[in-house]
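Following: one structure in structure tokens, then a few remarks.
Every number here is computed from the coordinates shown, using simple stated rules; none is lab data. If you're wondering where the values come from, they're calculated on a predicted model, not measured in any experiment. Backbone-built Cβ (ideal geometry, glycine too); neighbour counts: all protein chains shown.
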Amino acid sequence: MRAVRLVKTAQPLEMHEIPVPALGSRDVLVRVVAAGICHSDAHYRAGTSPVGTLPIALGHEVAGVVEQVGAQVARFGIGDRACVHYMATCGECAYCTTGHEQFCLHGQIIGKHRDGGYAEYVAVPARSLVSLPAGIPFEHGAIMMCSSATSLHALVKSRLEAGERVAVFGAGGLGMSAIQLARAFGALDVYAVDIDHDKLKLAERFGAVPVHAGECDPVAEIRRLTGGAGADVSLELVGLPRTMRQAVQCLAVFGRAVLVGISDLPFEVDSYREVLGKEVEIIGSSDHLRSELPLLFELAARGALDLSEVVTRVVPLDAGAINATLDALDGFGGGIRTVILP
């Protein structure tokens, strides 16, 4: 099969011909119909976030059709539509059995620790597979497996309550889902912070109040829009020291800043004035849970999560096209979400 693989960090991905993955008795082989290109993939290629043994096929946002099942797999059959929960877990360690499988002691993320969806086929444990409802397109199902699911998990971590105000830093793939999900959870107002006019226009169509960080101080603007109070919840989806700090600074008393964006750079806060003095919380949010996915599908089915304008570009399974997309993501460009359609 064809697979686009990372051979060396800080180098372009390469197209390779490799064997179709062999299956264990509890595994499923999925023919990839759609694979999202995530900003995390740019971090993996750059080496900002380390990957497993090289070479490896990137791609952790995967939707497709079941092509083959292992001897002990009963829940799925050949031809089933499915999405891949990107954590391949053991199901038996303390984290898995308590519902925190993103910290599985033996867990592997597809496209990071084991081959992922920048390929014609991907093999995963059956426990990682979820059925894709008929009304959801494959390309939407693919990006829901990371950008939407990660945003949902971050909102769960934030303990958002109906009537609270939310600031979303970064109106990209994660941000567009976060805006819609926050509104579905009852947020009174959602403020979308970005420097891209087109993204802010789409965020506004989703019901957010746009805040152009290139034209104003977003912290001051959020305080002005909230009558001086600040946001109850902020989600930092960019991964820059400046936006991480702003996500803390814009908070109201008892506010919660949830950090999601990947960065290898630290950020500073004024611990007394910005944290202790207001009893705010800084919360880390890592990945998402398989148990959260049914709610995500239900919200999409009911129209509360609309990804039709979030997929802004499709490319073939081609190393040049994928590398060009990752180059754009390195510069925080490249549209909102690009999907590979092999």
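Sketch the reach of a paramagnetic label on Thr53 as a point 7 Å from Cα along Cα-to-Cβ, and name the residues of the stretch 119-134 whose backbone nitrogen lies under 18 Å away.
Residues 123-125 fall inside that zone.
Within a 10 angstrom radius of the beta carbon, how do Thr338, Thr243, Thr97 rank from fewest other beta carbons to most?
Thr97, Thr243, Thr338
When a/c reaches 1.5 or more, the comparison of a/b and b/c decides; with that in mind, is the stretch 149-284 rounded, prolate or oblate per its Cα gyration tensor?
rounded
Based solely on its DSSP helices, what 222 nm [θ] is calculated for the chain when runs of n ≥ 4 H residues each add -39,500 (n - 2.57) and the sum is averaged over all residues, nearest 500 deg cm²/dmol?
Helices in the chain give a 222 nm mean residue ellipticity of -7000 deg cm²/dmol.
Between beta-carbons, use under 12 Å as the cut-off and find the net charge around His60, counting Lys and Arg +1, Asp and Glu -1.
Neighbour charge sum, excluding His60 itself: -2.
In the stretch 118-139, whose amide N lies under 19 Å from the spot 7 Å out along Cα-to-Cβ of Gln72? List them in ranges.
From the stretch 118-139, the list is 123-130.
Before anything else, pin down the relative contact order of the chain: Cα pairs under 8 Å, at least 6 apart, normalised by residue count, whole percent.
Relative contact order, the chain: 18 percent.
Please report how far the C-alpha centroid of the stretch 190-263 lies from that of the stretch 23-76, rounded to the nearest whole angstrom.
The two parts, judged by their Cα centres, are 32 Å apart.
If Lys and Arg each add +1 and Asp and Glu each add -1, what is the summed charge of the other residues whose beta carbon sits under 14 Å from the beta carbon of Asp80?
Neighbour charge sum, excluding Asp80 itself: +2.
Please arrange Leu188, Leu202 by counting, for each residue, the other beta carbons lying within 10 Å of its beta carbon, fewest first.
Leu188, Leu202
Give me, ordered by chain and number, the residues 5 or more places off Gly91 or on other chains with an amide H under 5 Å from its own placed amide H.
none
Hey, rough spin-label estimate for Asp270 and Arg26, points 7 angstrom out along Cα→Cβ, what's it come to in nanometres?
Between Asp270 and Arg26, the simple spin-label model gives 5.3 nm.
Aspartates and glutamates within cross-link reach of Lys157: Cα-Cα under 14 Å, excluding same-chain residues under 8 positions apart?
Candidates past the 8-residue exclusion: Asp232, Glu236, Glu281, Asp287, Glu292.
Per-residue counts of other Cβ atoms within 10 Å, averaged by peptide: what ranking do you get for 314-323, 269-278, highest first?
314-323, 269-278
Take Arg2, Arg205 and order them by how many other Cβ atoms sit within 10 Å, fewest up front.
Exposure proxy ranking, most exposed first: Arg205, Arg2.
Between Lys8 and Leu341, what's the calculated FRET efficiency when r is the beta-carbon distance and R0 is 22 Å? Round to 0.05.
It comes out at approximately 0.25.
What lysines sit close enough to Lys112 to cross-link, taking a C-alpha to C-alpha distance under 17 Å and skipping anything fewer than 8 places away on the same chain?
Cross-link targets: Lys8.
Contour minus end-to-end for Asp318 and Ala301, with contour as 0.36 nm per residue of separation and end-to-end as the Cα-Cα distance?
3.0 nm
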